[in-house]
Structure formats: structure tokens, C-alpha cells
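Scroll down for the structure; my scribbles are underneath it.
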Amino acid sequence: MLQVLAGHDPQDPGCPDQPVPDYLEEMGRLNGPPRIGLIREFFYDQSTVEVRSHTDAAVEKLAEAGAIIQEISLPDSFSSAHSCQRVVSNVECAAFHEESYRDRADEFGPRIRSSIEVGMLIPSVRYVQAQRARRQFRADMMAMVQQVDVVLMPGIQAPAPRDLNTTGNAMFQQPWTSSGLPSIVVPSGLAEDGLPLAIQLAGLPWDEGKLLAAAGWCESVLGVNLSPPDYS
């Protein structure tokens, strides 16, 4: 799917024009087990005890298979990244939907209405400041990842929800979306209630091949065969 979706979109002025590699071929680039940077800050703090112990067990299994595990720290700019991302997201949501919201506000759901209305109230100076901070955050996150092949953290702070009305909390994906770094979730087992757990890997922009190769290696080592129990 990535092979099909990747590439320049001439209708999007903000889309970089980068050559698209053969991702299947890129997955064979990994020369031996990867160097993995384990991030405990924030991700472990926000996770349940079960998720923390499960992630540690997965990391131990990867290390036993030859992966070089190095604990690394998040940059100082991480602490304000979420608030900056919310400013940018709300303002751009308001800008995009301004005309249709003005004419058909009652057709919008409560969550997106809130985002639009908040975005309309944010001063332009705050938006510019948030974008500056976001660019610094991106540079800091790239410098952090450059220490290793990929970084690793839990994929979600708790087991998958049983309620089919939600896919769960995307808190652990937001930092990578905000910084523009590619990430991938790898199934790592089942929780005590039989629902899926996962680890998450992140890498550098335009180096998705290495990220996919590392994810494939981790998946083969963990050897997870997800067969949740029948709840019917």
C-alpha cells in the first residue's frame, strides 16, 4: 500500500517531490539485527503496568536475538510539542472548513465543531510561534533518532478497547505525526483479556525502507500469531 500511496502529489503545494524507492527491495537492506533506541520517558509514564511489562518482555526477546538496545532520552522540546500541535491543528482545521462551517455549521459533529471554533479564536501570532516550535521539535526528534536505526516504545498505553466505537487513544502516535517522522506498529502479543498489544517503531523521513526492514525483523523475532478468543 505504501508503494502505491508514496510519491509527489502535484495538486498539493506542500507535498515534497522525492523519488520513491522500491520498498520491498529496501526491506532487505538491514545487515544483521538493528540498533534500537528504547524510549521510556512519557510512553512508559502514560502506560498501564501490563503494557510496560509486556514492552520490556518484547525488548528482552529482541535483545536475545541480537538487537543492540540503547536507552535514549526525548529532547526538551517534547514537553511543549503536544500543545503546539493542537494550535496548528485547530487553526488549520478552522481555515480549511471556514466557508462550509459558516453555511452549514449544524452538519458538523461536536468534536470537529469544537476544533473549528477554537481555531477561529487563536491569534495569528500564536500560530506562527507554534509552527516555529514545531520545526525545532522536528529537528530535535531527527537528531534523537539518528543515534540508532530505529526507536521503540509501546504502541498504545493500554490494551485495545473492547468497544468497537473507538480504535483507542492515538496519544503515542501524535508525536510522530507532529514531527513528520514515519512510524509503524508491530503486533507483539495479547493482553490478559485477549485483546492485542503492540510495540511501535519510528525512523527518519525518507528512510522508510530501513524502518520497514527493522519492523519486519522484529515481527519475525517476536513470532506473534494473533488469535484472539471468540467473544461471541
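Key figures
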{"item": "Output for region 94-133, where each listed residue is under 23 Å from S80 (Cα atoms) and of a type in the set (S, T, N, Q)", "result": "S114, S115, S124, Q129, Q131"}
{"item": "Candidates Q70, Q11, Q46, Q85 - the one that is more than 26 Å from V224 (Cα to Cα), of a type outside the set (D, E, K, R) and in contact (Cβ under 8 Å) with a residue 40 or more places away in the chain", "result": "Q85"}
{"item": "Per-region count, region 45-91, residues touching a Ser or Thr at 6+ places or on another chain (Cβ under 9 Å), crowded, with 17+ Cβ neighbours inside 10 Å and over 28 Å from I122 (Cα atoms)", "result": "4"}
{"item": "Any pair with Cβ under 9 angstrom, 6 or more apart, that starts in region 115-136 at a residue that is touching a residue at least 40 places away in the same chain (Cβ under 8 Å) and among the aliphatic types (A, V, I, L, M) and ends at one that is surrounded by 14 or more Cβ atoms within 10 Å (Cβ to Cβ) and outside any helix (DSSP H, G or I)", "result": "A130/I122; A133/S77"}
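Per-residue answers, yes or no, for (1) at pLDDT 95 or above; (2) buried (at least 22 other Cβ atoms within 10 Å of the Cβ); (3) within 21 Å of the chain's Cα centre (by Cα):
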position	(1), (2), (3)
L181	yes, no, yes
I184	yes, yes, yes
P196	no, no, yes
D207	no, no, yes
W217	yes, yes, yes
V221	yes, no, no
N225	no, no, no
Y231	no, no, no
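The values are calculated or read from the model by the stated rules, or taken from the named source; none is laboratory data. Nothing here was measured: the structure is a model prediction, and the numbers come from that model. No Cβ is skipped: glycine too gets one built from the backbone with ideal geometry, and neighbour counts run over all protein chains shown.
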